[in-house]
Structure formats: C-alpha cells, structure tokens
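Visitor: Quick one: the structure is below, questions incoming.
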Amino acid sequence: MTFMTMIPTGADKVAAALDARTRDGFVLVALEGMGGSGKSTLAEALAGLCAATVVHGDDFYRPMDPGERAALTPEEGVDRYFDWQRLRDEVLAPLTAGRDAVYRRYDWGSGGLAPDETHPVARTGVVVVEGVYTARPELAGFYDLVVYVDTPPEESMRRLRERGHDHGPLDWEARWRVAEEHYVATTRPRERADLVVPGH
C-alpha cells in the first residue's frame, strides 16, 4: 500500500480518537515523528476531516547564529534547534488555560521571527500541533492526545532529500538526523504516544 493511501487511514484513526478526548468543545493534539515522516500530510488530512487548526513546529525554529547552531552537540540540538519554550508560552499554556493563543512565526528567509506578523489560534474545535519535538517530555502534558507518525528512517530521509530541505549550512543532514536519533533514543516518543499511525 502506498504512503498516500495509508495517510487517510491514519487520519481516520486520529479523528476517531478525538471524539473520546474532546473537552468542552476543544481538543489539543500533537503529531510527532521524525523529519519526513508524514506529519504535515496527516495534519492536512485532519484539517479536512475535522476542520482542525494546524500549528507547525517549523514556525518555532530558534533564531541563532549559523556557526553557533553548527557547533551544537546532538543533545544540545534537541534542546535548542526549536524554541519549545516559546511554543509552550505562546500556544500551549494559553490554550490549556482556557484562552485563545497568538504566536509569531519564524521567517526562514531572514533567519528571525517574522516582523509585524502574528498568528491567532482560537481555543475551539481541534487544534493540531505538528512537528519534531512538539511532544517532548516538557510539553507532552499539555496535550489531550499525542500521536506518533511512524515511518522507516530511510523513507523519511528520502522524502527530505526529495523536498530539497536545507535548514542550514554544510552537514545539515548528519547533524539534524543525529539529534533526532538522540531524541528518539532518550525520550522514546513512540512509546509515550497515545496513538501510533503509519506514515508510509
């Protein structure tokens, strides 16, 4: 079965799980998995199925000097590549406290936060937060449902290369992949998830 035929099955599973977890008309969902696993595709499917609002983890990339970023160890990369504290403070904490949220997006062109641009997130219906590290242990407790998108590493890397992703200079692939592998090995996101769906 192909990737594109599997994703609707995964979306249906997630949509069914949402019914049991919705509280006062609102449910907050994390879609986690390695880069290229199919998180964004699944989020798009949920937006169609459930009219979900999607927050992308890539919008919380941390502004940093390229040289400083390149020098990070895998453990440091897990903690610092993405600004999980800003995701917590601007999106997750307000929503779980019963308030609407608003956040600023990382601008990949300028390498900083997009100026004069804010993104509101209403606390209603389904809100999906998708991205690597979005359900890290420090954040997992904010969500009503954590979904892990499980894809073979070689397939996810093939997709990333196909997209031409390059978030930084030189050995991006090696640095990022080693950090993701460190994250998976030390925090075991698949085992912590409420639901595991295929991304292939």
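The values are calculated or read from the model by the stated rules, or taken from the named source; none is laboratory data. Computed from a predicted structure; not experimentally measured. Here Cβ is always computed from backbone atoms with ideal geometry, including for glycine, and neighbour counts include all displayed protein chains.
Visitor: Take the residues of the range 56-81 that are within 20 Å of the chain's Cα centre (by Cα) and hydrophobic (A, V, I, L, M, F, W, C): which is farthest from Trp108 (Cα to Cα)?
Guide: Among residues in the range 56-81 that are within 20 Å of the chain's Cα centre (by Cα) and hydrophobic (A, V, I, L, M, F, W, C), the one farthest from Trp108 (Cα to Cα) is Val78.
Visitor: Going through the range 167-200 one residue at a time, which ones are of a type in the set (D, E, K, R), modelled with pLDDT of 90 or more and surrounded by 15 or more Cβ atoms within 10 Å (Cβ to Cβ)?
Guide: Of all residues in the range 167-200, those of a type in the set (D, E, K, R) come to 171, 173, 175, 177, 180-181, 188, 190-192, 194.
Still in the running and modelled with pLDDT of 90 or more: 180-181, 188, 190-192, 194.
Within the range 167-200, Glu180, Asp194 qualify.
Visitor: Among all residue pairs at least 6 apart or on different chains, which show Cβ distances below 8 Å where the first residue, located in the range 48-59, is in contact (Cβ under 8 Å) with a residue 12 or more places away in the chain and the second is of a type in the set (Phe, Trp, Tyr) and surrounded by 16 or more Cβ atoms within 10 Å (Cβ to Cβ)?
Guide: Val55/Tyr103; Gly57/Phe82; Gly57/Tyr133; Asp58/Tyr106; Asp59/Tyr103; Asp59/Tyr106
Visitor: Something else now. Looking at Gly25, Gly10, which one is crowded, with 23+ Cβ neighbours inside 10 Å and modelled with pLDDT under 90? So that I can check it myself, show each step before the final result.
Guide: Working: Gly25 fails: crowded, with 23+ Cβ neighbours inside 10 Å.
So the residue among Gly25, Gly10 that is crowded, with 23+ Cβ neighbours inside 10 Å and modelled with pLDDT under 90 is Gly10.
Results for (1) in a loop (DSSP other than H, G, I, E, B); (2) touching a helix residue (DSSP H, G or I) at 6+ places or on another chain (Cβ under 7 Å); (3) surrounded by fewer than 16 Cβ atoms within 10 Å (Cβ to Cβ), shown as yes or no for each residue.
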residue: Ala43; (1), (2), (3): no, no, no
residue: Gly48; (1), (2), (3): no, no, yes
residue: Val55; (1), (2), (3): no, yes, no
residue: Pro63; (1), (2), (3): yes, no, yes
residue: Gly67; (1), (2), (3): no, no, yes
residue: Gly77; (1), (2), (3): no, yes, no
residue: Leu87; (1), (2), (3): no, yes, no
residue: Glu90; (1), (2), (3): no, no, no
residue: Pro94; (1), (2), (3): no, no, no
